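Here's the structure, in structure tokens; my notes come after.
Nothing in this text is a laboratory measurement; each read-out follows from the coordinates by a stated rule. Computed from a predicted model, the values in this text were never measured in an experiment. Every residue, glycine as well, gets a Cβ built from its backbone with ideal geometry; the counts of neighbours run over all protein chains shown.
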Amino acid sequence: MKIKYFADTDTLYIELKAMEIIETKDLDDNTLIDIDIEGNICAITLEHAQERTDVLNFSFEQVVA
């Protein structure tokens, strides 16, 4: 999983799994979803990320149950 933030365009790209993308769907005007051949979501692109997320305060936490 990779998360990239492009400050120049205020775009957040979240790659869930590195797979060949066969289709990109518009979820709304500012959200794209990349789909693999099996119909799984591989990545999500969010435009205007600072308005829509707390991207500048990103943290990661792994919780073991």
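When the Kirkwood hydrodynamic radius is evaluated over all pairs of different C-alpha atoms of the chain, what value in angstrom, to one decimal, is obtained? Kirkwood hydrodynamic radius for the chain: 12.8 Å. In this simple spin-label approximation, Leu27 and Glu15 carry label points 7 Å from Cα along the Cα→Cβ vector, and these lie 1.9 nm apart.
Going through the chain, which GluC sites (Glu not before Pro) have at most 11 other Cβ atoms within 10 Å and a DSSP loop state?
Working: sites: Glu15, Glu20, Glu23, Glu38, Glu47, Glu51, Glu61; in loops: Glu20, Glu38, Glu61.
Filter output for the chain: Glu20, Glu38, Glu61.
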